[in-house]
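Structure, as structure tokens:
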Amino acid sequence: ELGSFIASIINFSTNLYMFKKLKREVFNASILKNAYILFGLFSINTWFWSILFHAKDTKFTEIMNYSSTFFINIIQIDLFLFRFFISKQSIWSRIFLCTFISLSILFFLSHIHHMIFIKFDYNYNIK
């Protein structure tokens, strides 16, 4: 656990440093700047909970670590599609993007609800 704790601190620090650099150096007119800022905040949040979980393993820190890690993976997929479809001017591209992001958020909420209130089981993800 000490190694995981130290790795989480390093990842947190790196994400915080790059977040500050992003805010400073990316043009305000960039279409993706706000998306990257949100992604940076979610990443910092994820590593924060990872640090707490590896420092103090409680049910609450385990749930927060798991859910924030799961959420950052969902956001990465959404950001990839956002980058791909944002350049398209088609209304269908935007409808698809909004629909996919909405469904991914609903999937996240449903999964976390299952893991918290029904059964917190890591094997659930592997099956």
Report summary line: Residues whose built amide H sits under 5 Å from the amide H of Phe120, excluding neighbours closer than 5 in sequence, are none
Query raised in the report: Once Rg and Dmax of the Cα atoms in Å is worked out from the coordinates, which option in (i) 13.5, 47; (ii) 16.7, 50; (iii) 14.7, 46 does it equal?
Result: (ii)
Query raised in the report: Using a ≥ b ≥ c from the Cα gyration tensor of region 1-75 (square roots of the eigenvalues), is it rounded, prolate or oblate, where a/c under 1.5 gives rounded and otherwise the larger of a/b and b/c decides, a/b for prolate?
Result: oblate
**Report entry** Accessible area of the chain belonging to carbon and sulfur atoms, whole % at 1.4 Å probe
**Finding:** 70 percent
Query raised in the report: Rounded to the nearest 500 deg cm²/dmol, what is the calculated helix-only ellipticity per residue at 222 nm for the chain, with -39500 (n - 2.57) per DSSP H run of length n ≥ 4?
Result: -27500 deg cm²/dmol
Report summary line: Per residue, accessible area of the chain with a 1.4 Å probe, heavy atoms of protein chains only, in Å², comes to 68 Å²
Report summary line: Expected field for Phe80, accessible surface area in Å² at 1.4 Å probe radius, rounded to 10, holds 130 Å²
Query raised in the report: Using mean Cβ contacts within 10 Å as the protection proxy, how do 47-55, 19-27, 4-12, 97-105 order, highest first?
Result: 47-55, 4-12, 97-105, 19-27
Report summary line: Which of Lys23/Lys56; Lys20/Lys119; Lys23/Lys88 exceed 27 Å between C-alpha atoms? The answer is Lys23/Lys56; Lys20/Lys119
Report task. Just need the relative contact order of the chain here, percent rounded to a whole number, with Cα pairs under 8 Å and 6+ apart. Result -> 22 percent
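The values are calculated or read from the model by the stated rules, or taken from the named source; none is laboratory data. Note that the coordinates shown come from a computational prediction; the quantities given were computed from them, not determined experimentally. Please note: Cβ atoms are built from the backbone with ideal geometry, for glycine as well, and neighbour counts cover all protein chains shown. When the accessible area is computed, the model is the full protein with side chains, heavy atoms only, and any ligands, DNA or RNA have been set aside. Shrake-Rupley method; radii C 1.70, N 1.55, O 1.52, S 1.80 Å.
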